[in-house]
1. First measure r as the distance between the Cβ atoms of B:T8 and B:F62, then evaluate 1/(1 + (r/R0)^6) with R0 = 45 Å and state the FRET efficiency to the nearest 0.05.
2. Roughly speaking, what is the stretch gain from A:A149 to A:D16, that is 0.36 nm per residue apart minus the C-alpha to C-alpha distance, in nm to one decimal?
3. Just check segment A:6-151 against the gyration tensor rule for me: Cα atoms, a ≥ b ≥ c as the square roots of the eigenvalues, rounded for a/c under 1.5, and otherwise prolate or oblate depending on whether a/b exceeds b/c.
4. Quick one: work out the % antiparallel among DSSP beta bridges in chain B, nearest 5.
5. Could you list which residues have their amide H under 5 Å from that of A:V315, counting only those 5 or more apart in sequence or on another chain, with H placed in the peptide plane?
6. What number does chain B give for Rg over Rh if you use C-alpha atoms and the Kirkwood radius?
7. Once you've got the Cα coordinates, tell me which of A:K135/A:K247; B:K68/B:K184; B:K68/B:K247; A:K68/A:K135; A:K135/B:K188 are over 29 Å apart.
8. What 222 nm value per residue comes from the helices of the protein assembly as shown, counting each DSSP H run with n ≥ 4 as -39,500 (n - 2.57) and dividing by all residues, nearest 500 deg cm²/dmol?
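What follows draws every value from the coordinates through simple rules; no lab data is involved. All of these numbers come straight from a predicted model, not from anything done at the bench. Reconstructed Cβ throughout: ideal geometry from the backbone, glycine too, with neighbour counts over all protein chains shown.
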2 protein chains.
Amino acid sequence: MQRTDVNTLGEFGLIDHLTQGFTNRQPTTVLGVGDDAAIIDAGAEQIVVSTDMLVEGIHFDFAYTPLKHLGYKAVTVNLSDIAAMNARPEQITFSIALSNRFSVEALDELYAGVQAACKQYGVDLVGGDTTSSTKGLIISVTAIGRAPAGRITRRSGAKVGDLICITGNLGSAYLGLQLLEREKAVFKDNPDMQPEMGEYAAYLLQRQLRPEARTDMVDLFAKEGIVPTSMIDISDGLASELFHICKASGVGAVIEESGVPIHNDAQLQALEFNLDPITTALSGGEDYELLFTIDPKDTEKIRFLPDLYISGEIVAREDGIKLHTKGGNIHPIQAQGWKHFE
Amino acid sequence: MQRTDVNTLGEFGLIDHLTQGFTNRQPTTVLGVGDDAAIIDAGAEQIVVSTDMLVEGIHFDFAYTPLKHLGYKAVTVNLSDIAAMNARPEQITFSIALSNRFSVEALDELYAGVQAACKQYGVDLVGGDTTSSTKGLIISVTAIGRAPAGRITRRSGAKVGDLICITGNLGSAYLGLQLLEREKAVFKDNPDMQPEMGEYAAYLLQRQLRPEARTDMVDLFAKEGIVPTSMIDISDGLASELFHICKASGVGAVIEESGVPIHNDAQLQALEFNLDPITTALSGGEDYELLFTIDPKDTEKIRFLPDLYISGEIVAREDGIKLHTKGGNIHPIQAQGWKHFE
């Protein structure tokens, strides 16, 4: 029998490959595989469902991840997918597989984080599974949200001329991870050494360890009477998410480097690491901000909204996906977001 | 810091412990943690959601589990939870974490099983996550179903005097597993030996490796105008599920040994293993049949329905949970369904 290594297809190629033979049969299935969440009909409203797995040693490292933060983050990264559909999250299920290395007290810490996230976002824990693993901790979360049918925003609606917008700021979570990895390496060499995170660490570590979901934007869009034409959450870096939007919508994009929001602490930390700040925004992951497009007629509605930046424009597919640098050059943006199967 | 081993609480104790601090805030959350599935309001209908994790080395063993059967079973065990709510399954999400030991061809086999189950039950695959693991394969499935609000059946509605019913037959899946484990041990000792499953194997192995969900009973109940007063699927053995129903409903139960359906091949295989057939029904798991209670006024409606057996009666809580044996003795039934964290 032929043996094709899973890495030859890449993460997204593998998902496409595995799901291509499936046909939807249920009249209630509005949208299946391929967006941030599935859409299920529920009368005047629609239900959106999204699910994620987090694996110890792949997605988190207990050398520097407090259990409570992990519980919080496992929830918020799923709520972020619901926000990316322009829907409000309402319920989650939270499942764990664990070895007996974990004590009840450790699990209590984990669930305290889950509970803090449920409280923060007003969502209910409605189910889950608790079982054994042969190695480490594996978390699986499913988030369920809801929106009026006309407000749900997919990846596929971007049109030529639409403005590209980004919430918050990008690159900080990646730089937070670099700080943690650096101090982990120092600690390995000399366990007596105290960690020296540096002056920009407070903000960057919070962005990495305890990210928030931009459900506030869903409320803001509703209040301002805006429905984005397309939207995705930025979990794998701006470049990767832009590719998803462009592929699903059949368009190209030009991003203005000067329009990509990067926090001051991230700017300074990037320079300390000899990294170009824009690279951390394009290729660093886990910011969980929203990337969306709006019809230019909504420009005035959006121009003065807080924590929201106009960063580029949708162009024709044949014009590709490009970055207009501060120096005036045009560079093609490379696809990122590759997960390697170990 | 105190360190309490997770095994001190037991599986169900641990779930109770971890979820006790959570409060529901969403008006759409009809029922949260604690039944086969959560219930979410969707107007005239309600949405039910259930989730399960399957871990290699804990829930399945590739020494004798074909990948296609595993994919099929991972789906059907979740659909069984939806059927146990008296709801019709409509959508699933299917997530995997895997090491690079798995080829694309192996995953194709797995997904062929998922697809066969989707086709068999008319459900749609609407999402999932595909990521790396550091060891083995972990599967997480979430199933979503729907029913008119008045038809949804919880664990908590059993009343004194209700009849206890069981679908299909019990113990076969457990005996199938014993056959597989026996032949695995023989193969370990002598890899040249051909497996000798014996004359009852065909049915028992099918029950273990490729179980079905009793969604047909949901249709049958609708057709006959019956709403069970309580229901649960039998994944951990009759004893364990009976305890869940009795605990949730605040009642006791008497089971007639002569009323517990056991397949002829299971009867004969049990004797070959020197096991009492009733023990395999009470304590063996993975039959995925339904255990439910009905109001005695529905007796005539149910008496002649196919593949459905009246096996006992709900009694007062203080009368306990008991087995009336064929020999005329009364034995208390012990709680089972313990998962050990390794």
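1. Plugging the Cβ-Cβ distance into 1/(1 + (r/R0)^6) gives 0.90.
2. So the extension gain works out to 45.3 nm.
3. oblate
4. Roughly 80 percent of the beta bridges in chain B run antiparallel, per DSSP.
5. Result for A:V315 returns A:G161, A:G252, A:A253, A:V254.
6. Reported Rg/Rh (Cα atoms, Kirkwood Rh): 0.96.
7. A:K135/A:K247; B:K68/B:K247
8. -10000 deg cm²/dmol
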